[in-house]
Each structure stands twice: as structure tokens, then as C-alpha cells.
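The values are calculated or read from the model by the stated rules, or taken from the named source; none is laboratory data. The structure presented is a predicted model; accordingly, all values stated were derived computationally and were not measured. In this analysis, Cβ positions are derived from the backbone assuming ideal geometry, glycine residues included, and neighbour counts consider all displayed protein chains. Side chains are part of the model used for accessible areas, which takes the heavy atoms of the whole protein and leaves out ligands, DNA and RNA. Shrake-Rupley method; radii C 1.70, N 1.55, O 1.52, S 1.80 Å.
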Amino acid sequence: MRGGTLQINWHDQQPVLSLDFHPASRRLATAGADHDIKIWEVASDGSDDKLPTATFKYALVPNNTAHSSAVNVLRFSPSGEYLASGADGGGIILWKFHPTDDGEAWKIHKTLLFHHKDVLDLQWSHDSAFLVSASVDNTCIIWEASKGTVHQKLEGHLHYVQGVAWDPLGQYIASLSSDRTCKIYANKPQGKSKNAERLNFVCQHTLVKVEYQNHDESKPPIKSHLFHDETLPSFFRRLAWSPDGSFLVLPAGLSKHNSEVVNTAYIMSRRDLSRPAIQLPGASKAIVAVRFCPVLFKPRGSNPDGLFKLLYRVVFAVATLNSLYVYDTESVPPILVHAGLHYAAITDIAWSSDAKYMAVSSRDGYCTIIEFENEELGEPHILPGSKEVAKGNLTPEIKKPVSLDSMKVDNSASKLEMEASPVAVGVRPPLLPTENITRTGELAEGNVACENKKPVTVDSMEVDVDDNKVKEATIPVASEVTPPPPVPTKNSASSKPAKRRITPIAIN
């Protein structure tokens with residue numbers, strides 16, 4: 001594993017707000033506060049002492065005539081045929097790929113105008129037929145991509161909707177807002193359209209608060225919000241589903257134990273989306289983005305008593321305001337930690353389709369690219385019906401999601417065991433103090449707006465799971481610091497208020 005911050009002029013030294021890899025190549029698209037969208041080719045020369053390179057290929061609209069304000073998010077469709085971009089002011093543009101004599105070009109296919117305030121996040125349906133957007137106008141909108149029309153408007157949030165995720169199996173949409181709630185919408189089809197069921201998403205769960213048992217039994221239980229409020233110093237809360245749809249990871253988590261406040265992310269099992277199943281280790285800064293590696297890996301067998309009962313390993317990245325953590329479903333501690341990556345807040349994460357590269361964008365105007373060696377993350381797991389692939393890499397073809405059993409959380413273990421040795425992708429000896437992970441197997445969903453369920457009380461230090469006490473595990477993690485170049489003082493073209501600069505330091 002190698003990587004670092006590439007000192008190139010990404011977006012005229014202005015904040016890079018989003019990025020995404022094309023699903024059938026190593027083309028990287030970036031969006032910035034300069035109103036532009038750029039396409040880069042990511043590659044490496046195989047040398048151990050050099051960083052991966054990003055070569056500028058072209059801008060989608062060189063004259064910046066498409067978006068007239070900062071572009072906050074962009075996402076390629078799973079088919080690779082479309083690219084969606086959302087900007088300040090509420091505009092969304094669908095770009096369509098066109099082969100040319102010179103190679104390729106992306107041309108405007110549809111302009112989607114219905115949001116009346118900034119669009120902060122986007123997500124495609126697994127078949128590339130629909131797109132869901134999240135906006136500062138407190139709503140999410142489902143769009144029919146081929147027609148560029150509004151299919152359904154999802155309302156209910158009371159503040160900015162800063163993240164949205166579409167279940168790869170097509171059954172759920174999840175949204176996360178600065179009103180401190182996460183809403184889970186379930187597809188309840190109504191009638192048929194052109195011999196196909198018409199999508200109709202209905203709110204099934206609203207996650208708001210959790211109730212903890214008070215140590216003093218004479219006092220009432222303690223209620224606490226699950227998520228940060230609107231003072232979170234980021235415009236993004238990018239949640240994500242696993243590639244197989246078995247679980248959902250929610251950023252911007254906030255856990256209070258006694259007087260201590262811990263930044264966290266919650267893992268939701270598909271079997272029960274009314275409450276978190278697992279709470280990730282506390283981070284020093286708020287978690288703002290989650291992105292899953294599109295490749296599934298064969299088990300390593302390093303932790304047969306792990307929390308996830310899957311036939312394969314799933315790898316995902318979690319970004320705080322200033323650090324990057326990479327987890328897999330077979331180990332409790334992160335397999336990789338990068339601290340102090342940028343001088344300003346991290347805004348987005350992207351994986352290449354073959355798991356060779358991972359990219360991170362930041363408001364300091366730079367991007368970090370991390371390269372993994374062949375099978376460094378593991379040997380690819382081939383789902384039934386998928387084609388055999390070359391050793392160490394996956395072919396960049398889009399695979400149809402396979403319906404699988406939901407994630408199973410092991411509730412029989414008496415406690416969470418710490419790995420005796422680092423499970424490592426280039427992890428050095430521990431440099432950080434310990435951090436905690438909690439399995440919230442009986443964590444109450446708090447206020448469930450659409451289904452009345454009785455909250456389950458949870459002790460702030462121990463969780464009753466099948467009559468066994470599950471205690472917090474103490475986990476050392478390692479840190480690698482790759483400081484970026486100094487941030488220019490040029491003002492951003494974004495209409496957003498200026499953010500406080502974050503000085504890059506290792507987590508202490």
C-alpha cells in the first residue's frame with residue numbers, strides 16, 4: 001500500500017467537494033467550488049517510492065457554462081453510461097457518455113430542476129433507471145433518469161438532508177439530515193407502469209434517540225440523540241449500503257456515556273433497520289462520509305468469532321473531518337488509518353471498481369489517492385453467477401446485485417475480543433491511544449415515526465445480549481500521516497459559509 005496527497009491543481013486551488021470512479025475504468029471525476037467537473041486518469045508506474053498519478057484528461061464543460069455554482073456531488077451510474085452532478089441552487093445535470101473519434105465525451109442529457117436549494121448528495125438505483133437526490137430544501141426527490149422527470153418527492157425532514165443512499169437490492173432508500181434523524185423508506189409498489197411495478201417509497205423507520213439505563217436505578221432512563229445537530233462543521237453526511245445490501249453504515253453519529261461525548265458511526269442490519277446493531281469505535285472528529293469497496297473478498301479466517309456472519313469479507317472506508325479509517329467485516333479494529341491527511345475537512349471518498357485505488361477529496365483543494373497491491377486487501381470472492389476474474393484484480397464490469405441473507409450479528413459471544421496482532425494493510429505498530437467499539441445489539445431505535453415500537457433500555461457501559469454481557473473492547477490502532485501542501489488563501493467560489501481551517505495532526 002502506498003499513497004498520499006497529490007500536489008496538483010485540481011480545481012483552481014478551490015475546494016474539491018466530491019469525486020467518483022467510473023465503474024468500468026480508472027477514470028476519476030472530481031467536482032469543485034470552481035463550478036467545474038474534471039475527468040482524470042489514475043495510474044501508477046509500479047515504483048515503490050512514487051505516489052500514484054492523476055493525469056488531467058478534460059473538463060466536461062471548459063467554459064463552466066453547465067453549473068453556475070459550486071458542484072457538491074457527482075456520481076456515475078452503475079451502468080457507466082451516465083454521470084449525475086448536483087450543485088448549489090438546486091440544479092442537477094445528467095451527463096451521457098458519447099464515444100468520439102478522439103476517444104470520449106460527456107454531453108448534457110437532461111437538466112433536472114425541481115429542488116429550490118442546494119443539492120448535497122445523489123445516489124443511483126442499481127439498474128441506473130432512477131436517481132435520488134438530497135437537498136438543503138429538506139427533501140429528497142426520486143427522478144426517472146431517461147425522462148428527467150420527478151417520480152416521487154420524499155418529505156418529512158425538518159432541516160437539510162445531507163446524505164442519501166439507495167439499497168442495491170432496490171427495496172430501501174435511507175436519508176440522513178441535520179435535523180438529527182435518519183429516515184428509512186421502504187418500496188411499497190402501487191400498480192404497474194409498462195408491465196413493471198411502479199416505485200412508491202414510504203417512510204418505515206425514523207431513527208432519532210436512544211434510551212440508556214441510568215446507573216442510579218432510582219432515576220429515570222437517559223435519552224440521547226443518535227446524531228450530531230446542525231452545528232456539525234460539514235455540509236455532508238454521506239451514508240452508504242454494503243455492495244450486497246446486507247447492512248447500512250450511518251455517519252455523523254454521536255454517543256453519550258455519562259458526560260463523555262463520542263463521535264461514531266452506526267451499522268444497521270438489513271434484518272432490523274429500526275435500530276443500530278453495531279457502533280464503530282469513537283473518532284476524535286465527527287464522521288462525515290462512508291464508502292464501500294465494490295469488491296467482496298474471501299474470508300481470511302483471522303477472527304471466526306467476529307460480529308458479522310458472512311461468507312465473504314466486506315471492506316469499507318470511513319472519513320472523519322481529518323482522518324480516514326478502513327474497516328473489514330472480519331476484524332474489530334480498523335485495518336488502516338490515515339490521520340492528518342488534509343488541512344481542511346474531508347468531503348468525499350471513492351473506490352475504483354477493481355479495488356486498486358481509493359481517493360479522498362478535501363476542502364483544502366487537494367485529493368489523496370491510495371494504491372493497494374494485488375490481493376493486499378484479500379483474494380476476491382466471486383458471487384454465484386459471476387465470471388471468474390484474473391488473480392488479484394476484478395474485471396470492471398457491472399454485476400447485478402445478488403439477493404443474499406441479511407447481515408447476521410453474532411449475539412452469542414460473551415464479549416468482543418481484541419485481535420492480538422494488527423490485521424494490516426501497511427499498519428505500523430500502534431501510535432494512538434485505545435479506542436472503543438460497542439455492539440448495540442439491543443439498542444433502541446428511539447422515536448420511530450411510522451411504526452410504534454417499545455424502546456429497549458440499554459446500560460451505558462454494558463449491553464444485555466441473550467443473557468450475556470457484551471462489554472466494550474479496547475482496540476489500539478495505527479496512524480500514518482501524509483501532510484498535504486499548504487492551503488492557498490484564495491477565497492472559495494462556493495456560496496457556502498467559510499469553514500474553520502483544520503490543522504493536520506495525528507490523533508492523540
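Points worth noting:
- If you go through the range 241-253 and pick out every residue that is surrounded by fewer than 24 Cβ atoms within 10 Å (Cβ to Cβ) and either on the phi > 0 side of the Ramachandran plot or among the small types (Gly, Ala, Ser) (or both), you end up with 2.
- Selected residue (criterion: farthest from Pro168 (Cα to Cα)) from residues of the range 297-317 that are open to solvent by 10 Å² or more (accessible area, probe 1.4 Å) and among the aliphatic types (A, V, I, L, M): Leu307
- Checklist (1) of a type outside the set (A, V, I, L, M, F, W, C); (2) in contact (Cβ under 8 Å) with a residue 40 or more places away in the chain; (3) out of contact with any strand residue (DSSP E or B) (no Cβ under 8 Å at 6 or more places or on another chain); (4) closer than 21 Å to Ala355 by Cα applied to Gln7, failing item: (4)
- Among the residues of the range 229-239, not a single one is surrounded by 15 or more Cβ atoms within 10 Å (Cβ to Cβ), hydrophobic (A, V, I, L, M, F, W, C) and either free of Cβ contacts under 8 Å to residues at least 40 places away in the same chain or assigned to a strand (DSSP E or B) (or both).
- Screening Tyr58 on (1) surrounded by fewer than 21 Cβ atoms within 10 Å (Cβ to Cβ); (2) in a loop (DSSP other than H, G, I, E, B) shows it passes everything except condition (2).
- The single condition among (1) open to solvent by 30 Å² or more (accessible area, probe 1.4 Å); (2) under 23 Å from Gly365 (Cβ atoms) that Val73 does not meet is (1).
- Among residues of the range 89-128 being open to solvent by 10 Å² or more (accessible area, probe 1.4 Å) and of a type in the set (Asp, Glu), the one that is modelled with the lowest pLDDT is Asp102.
- For the range 256-275, the condition of being surrounded by 24 or more Cβ atoms within 10 Å (Cβ to Cβ) and in a loop (DSSP other than H, G, I, E, B) holds for at least one residue.
- Residue under evaluation Val150, criteria (1) touching a residue at least 40 places away in the same chain (Cβ under 8 Å); (2) open to solvent by 40 Å² or more (accessible area, probe 1.4 Å), criterion not met: (1)
- Any hit, the range 329-343, residues being outside any loop (DSSP other than H, G, I, E, B), surrounded by 22 or more Cβ atoms within 10 Å (Cβ to Cβ) and among the polar types (S, T, N, Q): no
- Inside the range 303-324, residues that are in a loop (DSSP other than H, G, I, E, B) and more than 13 Å from Asp348 (Cα to Cα) make up a count of 10.
- With respect to the conditions (1) closer than 23 Å to Gly163 by Cβ; (2) open to solvent by 10 Å² or more (accessible area, probe 1.4 Å), Thr320 lacks only one, and its number is (2).
- Matching residues, the range 276-291, being open to solvent by less than 20 Å² (accessible area, probe 1.4 Å) and not in a loop (DSSP other than H, G, I, E, B): Ile278, Gln279, Ala283, Ile287, Val288, Ala289, Val290
- Residues that are touching a residue at least 60 places away in the same chain (Cβ under 8 Å), out of contact with any Asp or Glu (no Cβ under 7 Å at 6 or more places or on another chain) and outside any strand (DSSP E or B) within the range 25-44 comprise Ser25, Ala33, His35, listed in sequence order.
- Filter result for Gly86 (open to solvent by 10 Å² or more (accessible area, probe 1.4 Å), within 24 Å of Ser242 (Cα to Cα) and either among the hydrophobic types (A, V, I, L, M, F, W, C) or at pLDDT 95 or above (or both)): no
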